[in-house]
Structure formats: structure tokens, C-alpha cells
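Each remark here refers to the structure printed beneath this line.
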Amino acid sequence: MIALIFAAWVAHLLTGPLSRLAARAPSLLAGDFSVAQLRGSPREVRQLAQSIGAAGERLREAAQERELMLAGVSHDLRTPLARLRVALELGDAGDPQRREAMVADLQQLDDALEQCLAFVREGRDEALCDFDLGTLVGQLLALRAQPDDWQYEGPDSLIAEVRPTLLRRALANLMDNAERYGAPPFTVALKRDGDEMCIRVEDRGPGVAPELLTRLGKPFLRGDASRGGRGSGLGLSIAMRAAGLHAGSLNLRNRESGGFVAELCLPMGTASA
């Protein structure tokens, strides 16, 4: 009897904190974490509670991103669709100039959907591999509508361990932003600094309002006050996510002499220059 009583007491000591944690789990996932509710619980139980709270925070952020993305997509698609509808109702398809504007609206729709899909896919499923970043930059420069507006600074070849498709999209977005909101001449610079490599994209435009610099990279945020209102607002978000998936960083700042700088810094990985 003594052994049974002692075993029941020990079982209560072990299961009591877990029972309190189970009762608090819904509120932890909802973001209501109070250490006082678990005071006296073992350290492992408190760590588990913190992990549950962190998981709930990530779930809320993901849900907020989805809601924001759906709202942004509906907003971005509504204007070109309305223009296309009016043009078709007026019979503008026979006018070469109006037809060209309709094609531009369709391209805007396609670009917005492509950016949204890229943002949703994230790029986590792409494997890391050794890739020549000098070749990647050269290919992107060759695809520019006005390649003479661009200049390249850096080595002809630099091998790093990256996700090539994700990095290509991120760098293309930075170059698109420079052309869309900035002014030539544009610069792409590639350099290695120890175990890190950096890709810098510069323009000579008006730059970004200082109060917006800390908010850049959030989905569908546009610096309308100084850099126009075109684009999907996902380009910097995708570039920032690409930096995070490479354990790197995206640094955004205004140039002292005018313009804007986006610098993507990533670890070299196991590859060598």
C-alpha cells in the first residue's frame, strides 16, 4: 500500500504540470503565454510551453501573410482587369496602340501572379549546389531591356553553394526594382569577403523615404511616396526570404550621393572561389 501511495504521488507530480500545460495549450497557440500559470513546473515543461507559443506565433504570421497576399493579389489584378474589360467593350482591339496597352495589362497580370506564386513556394524544396555567380549575373544583365544602362563590377567567376533558381529570382527582382524606381546608371557588384559573398545592386534614383527603410521587405509594401506605386510589392520580400533561406541577409539603404542600394550577402558554403 505504501508503494502504491508513493507511486500515485510521484505520478501526480509528473503528470500535474503536463495537465496544466494541456489545459493552457489553446491559449499558448493563440499567443496568450503567462509564465505564472506554469510556475513550479519542471524546466522541460516550461521550455515545451515556450516552443508551443513560438509555433503559434509562426502560424499566426503565416495566416496573416496569406490574408495579406490574397488582399494584395485581388487589388493588383482588379485595375488591369478593369482596363481590359473597358477596352474590349469599346472595341479597342483593332487599334494597334490600344492593343499594345492591352498586351501590357496582360503582362502585368502575369507578372503579379508569378510573383505571388514565387512568394508562396518559398524555395525551400530547392537543393543547394555549387553555382557560378559570375555567370548568373552575366545572364541577368544580358536579359535587361537596356543593358547599356548597367555596369558590372566583380570577378568573371565566383563559385558558391546556393539555390540557383531562388537566387536568380531574388537578384532579378532587385534589378527590376532598380529599373522601375531608380535611374541609370545601374550597377551590379559581386565580391567575396572571407567566407561570405555579397551581390550589390545600385541605382541613381530618388532613394527611399527614411521612415520606410525599416519596413521594406514586408509583403505588398511599396514606397509610394518616393519610388512610385507600380509592381506587386513582393520583389523585396522574395529577395529577403531568399537571403534567410541561405542563412544570409539583405541590407537596404540609400546612397549618400543619391540613389538606392540593395546588398544581398550569403555564406560561401563548402564551395571555394
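The values are calculated or read from the model by the stated rules, or taken from the named source; none is laboratory data. Nothing here was measured: the structure is a model prediction, and the numbers come from that model. Neighbour counts are summed over all protein chains in view; Cβ atoms, including those assigned to glycine, are modelled from backbone coordinates with ideal geometry.
Some points to look at:
- Qualifying residue in segment 41-58 (condition: at pLDDT below 70 and closer than 30 Å to residue 10 by Cα): yes
- Of all residues in segment 47-58, those that are in the same structural domain as residue 26 (by TED's automatic domain parsing) have Cβ atoms under 7 Å from Cβ atoms of residues that are surrounded by fewer than 18 Cβ atoms within 10 Å (Cβ to Cβ) and in a helix (DSSP H, G or I), 6 or more apart or on another chain, in 52/25; 52/29; 56/29.
Quick grid of which residues meet (1) at pLDDT 95 or above; (2) touching a Cys at 6+ places or on another chain (Cβ under 8 Å):
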{"residue": "158", "(1), (2)": "no, no"}
{"residue": "165", "(1), (2)": "no, no"}
{"residue": "171", "(1), (2)": "no, no"}
{"residue": "174", "(1), (2)": "no, no"}
{"residue": "184", "(1), (2)": "no, no"}
{"residue": "188", "(1), (2)": "yes, no"}
{"residue": "196", "(1), (2)": "no, yes"}
{"residue": "205", "(1), (2)": "no, no"}
{"residue": "208", "(1), (2)": "no, no"}
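- Members of segment 247-270 found to be loosely packed, with under 15 Cβ neighbours inside 10 Å and acidic (Asp, Glu), listed by number: 256
- Of the strands (runs of 3 or more DSSP E) entirely within segment 137-204, those holding at least 3 residues that are surrounded by 17 or more Cβ atoms within 10 Å (Cβ to Cβ) and among the aliphatic types (A, V, I, L, M) occupy 159-162, 196-203.
- Selection within segment 214-246 - surrounded by fewer than 16 Cβ atoms within 10 Å (Cβ to Cβ) and at pLDDT 80 or above: 244
- Residue among 25, 104 that is modelled with pLDDT of 70 or more, outside the structural domain of residue 237 (by TED's automatic domain parsing), over 30 Å from residue 169 (Cβ atoms) and surrounded by 11 or more Cβ atoms within 10 Å (Cβ to Cβ): 25
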